[in-house]
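What follows is a set of notes on a single structure, which appears directly below.
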Amino acid sequence: MQKESKRCTMYEDDICLCSIEGIMGILSKKWALLIISAIGNNQKLRYNELEKKLDKISPKTLADRLKELENANIIKRESFAQIPPRVEYSLTKEGAELRDAVMPLIKWVSLKDAQR
């Protein structure tokens, strides 16, 4: 049986892959999953803390990924009006759900690395 959606033609148990194009464009970029994982592991992180945890990430790449993840509503950027200025990053509800969904993949990769 064929089902029509706005963008996909699907058959029986097929999953429409069109709906994941946007998120895959973000998650497939280097560092994105590591940023999500680091923030999720720590609840909230400041920019410098993230930079230290991700060791080899360039400041420009970190800033770009944070902006992309914020625009995709995966992370929340919270600024505090104090001196010196303080900014914290945390996962949104959607970001936490995404992290929970990809954790089996992250654990699988870690297990495979440990076996080598």
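The values are calculated or read from the model by the stated rules, or taken from the named source; none is laboratory data. This one's a predicted model, so the numbers in the text were calculated from it and none came from an experiment. Quick reminder, even Gly has a Cβ in these numbers, built from the backbone with ideal geometry, and neighbours come from all protein chains shown.
Could you tell me whether any residue of region 25-37 is touching a strand residue (DSSP E or B) at 6+ places or on another chain (Cβ under 9 Å) and not hydroxyl-bearing (Ser, Thr, Tyr)? For region 25-37, residues touching a strand residue (DSSP E or B) at 6+ places or on another chain (Cβ under 9 Å) and not hydroxyl-bearing (Ser, Thr, Tyr): present.
Name the single residue that is surrounded by the most Cβ atoms within 10 Å (Cβ to Cβ) among those in region 28-43 being touching a residue at least 24 places away in the same chain (Cβ under 8 Å) and closer than 14 Å to residue 98 by Cα.
We begin by selecting, within region 28-43, every residue touching a residue at least 24 places away in the same chain (Cβ under 8 Å); these are 29-33, 35-37, 39-40, 43.
From what is left, the residues that are closer than 14 Å to residue 98 by Cα are 32-33, 35-37, 39-40.
Values: 32: 19, 33: 18, 35: 24, 36: 23, 37: 17, 39: 26, 40: 19.
Step by step, filter region 28-43, then rank; the result is 39.
When residue 83 is tested against the conditions (1) modelled with pLDDT of 95 or more; (2) outside any helix (DSSP H, G or I), the lone failure is (1).
Give me the residue from region 78-103 that is acidic (Asp, Glu) and in contact with a strand residue (DSSP E or B) (Cβ under 8 Å, 6 or more places away or on another chain) and, out of that set, surrounded by the most Cβ atoms within 10 Å (Cβ to Cβ). Applying the filter and picking the extreme gives 88. Scanning region 39-53 for residues that are over 12 Å from residue 95 (Cα atoms), of a type outside the set (S, T, N, Q) and in a helix (DSSP H, G or I) gives 47, 49, 50, 51, 52, 53. Among the conditions (1) at positive phi; (2) loosely packed, with under 11 Cβ neighbours inside 10 Å, the only one that residue 113 does not satisfy is (1). Just so you know, in region 44-77 the residues that are in contact (Cβ under 8 Å) with a residue 24 or more places away in the chain and farther than 23 Å from residue 24 by Cα include one that is surrounded by the most Cβ atoms within 10 Å (Cβ to Cβ), and it is 45.
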